[in-house]
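Report on one structure; see the data block that follows.
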Amino acid sequence: MFRWWFDQFFSNGGKTDVIGVSFYPYWDGQPYWEITDELSYNLNDIASRYNKEVMVVEVGGDESNPNDSYWTINDTINVVKSVPNGKGIGVFYWEPQSHSSVLPDGYPLGATKEVATNVLQYTTAIDAFLDAVSSQGMNLVINPGFETDGATQTPSGWSTWSNSNDNANYTEFGGHSGSYRLSHWKSTPYQVSTYQIKTGLTNGTYTMKAWVKSGGGFNQSQMYVKNFGGTERNTAIPTTNSWTQLTITNINVTNGQVEFGFWTDANANNWINVDNVEFYKD
């Protein structure tokens, strides 16, 4: 639809600085995690095909499910930020201060709850805008909380390498925050890496963080960063039943790109859990 409309628009002399799209999983009748990849494909295609900046000018979620709305916003922001060459420039929530109880049309996609008659209070859904920006910089990770996939699914936005053991890499219930987490586990020995490659980065110093748990016993298990123009940086994932945050600092990107991820060389039944991954420019 976008190609059909904008091909004709530009061929007939149309002019625009930015192309905006709407993203409403609620109206599509689908969970956000089933169509986030389609949003990403469309934005990347538009930006490349027409050499335009792109925005999501309308996004919204069910007022009665602020957790899903939070992750809809969160993942939409990360999709926009991941558009190559910095062409993804913003996300707007449509009418966050509304609630079905006070509107004649019963519009249900606000980000509030009614706490008294005609008195509304923002829900945690809107916190996604604040949480998307750390004090150091914007989180560049797609699907950082592994919420877009549900249980037992290969995490969207992430790539997998393995020694024919891709099914050792999956998402499941029990996240550090939100509902889901990444897990590496299999009942037989395996090697697997879950990673993202980012291009079009501004050169400079970056930081990576993640929350992890592990049962130990590995040949090797680590959080790593490589191919950024310097020597690979990594840190071992510790044996712990409590969520523990790992940090790799002073990642000096000199070639405009990076690969970051989690690598496990495991014996039978070894496991790790990962959640809330961050990669940002200092």
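The values are calculated or read from the model by the stated rules, or taken from the named source; none is laboratory data. No experiment lies behind these values; they were computed from the predicted model shown. No Cβ is skipped: glycine too gets one built from the backbone with ideal geometry, and neighbour counts run over all protein chains shown.
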Considering residues of region 27-59 that are in contact (Cβ under 8 Å) with a residue 24 or more places away in the chain and touching a Pro at 6+ places or on another chain (Cβ under 8 Å) only, the residue farthest from GLU114 (Cα to Cα): SER48
Scan of region 163-184 for residues that are part of a helix (DSSP H, G or I), in contact (Cβ under 8 Å) with a residue 24 or more places away in the chain and farther than 12 Å from TRP271 by Cβ, ordered by number: ASP166
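Residue by residue, here is whether (1) closer than 26 Å to ILE251 by Cβ; (2) in contact with an Asp or Glu (Cβ under 6 Å, 6 or more places away or on another chain); (3) surrounded by fewer than 21 Cβ atoms within 10 Å (Cβ to Cβ) holds:
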| site | (1), (2), (3) |
| --- | --- |
| TRP158 | yes, no, no |
| ASN169 | yes, no, no |
| GLU172 | no, no, yes |
| HIS184 | yes, no, no |
| THR194 | yes, no, no |
| LEU201 | yes, no, yes |
| THR205 | yes, yes, yes |
| SER214 | yes, no, no |
| MET223 | yes, no, no |
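Results for (1) assigned by TED's automatic domain parsing to the domain that holds ALA210; (2) surrounded by fewer than 13 Cβ atoms within 10 Å (Cβ to Cβ); (3) closer than 21 Å to GLU172 by Cβ, shown as yes or no for each residue.
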| residue | (1), (2), (3) |
| --- | --- |
| THR244 | yes, no, yes |
| VAL258 | yes, no, no |
| PHE262 | yes, no, yes |
| ALA268 | yes, yes, yes |
| VAL274 | yes, no, yes |
Evaluation of GLU147 against (1) on the phi > 0 side of the Ramachandran plot; (2) not assigned by TED's automatic domain parsing to the domain that holds ASN65 (one fails), failing number: (1)
Residue list for region 244-275, filter: assigned to a strand (DSSP E or B), touching a Gly at 6+ places or on another chain (Cβ under 9 Å) and either within 23 Å of TYR180 (Cα to Cα) or of a type in the set (Ser, Thr, Tyr) (or both): ALA266, TRP271, ILE272, ASN273, ASP275
Criterion (part of a loop (DSSP other than H, G, I, E, B) and closer than 18 Å to PHE260 by Cα) met by exactly one of SER156, SER187: SER156
Lone unmet requirement of (1) under 24 Å from ASN163 (Cβ atoms); (2) within 21 Å of the chain's Cα centre (by Cα) for PHE218: (2)
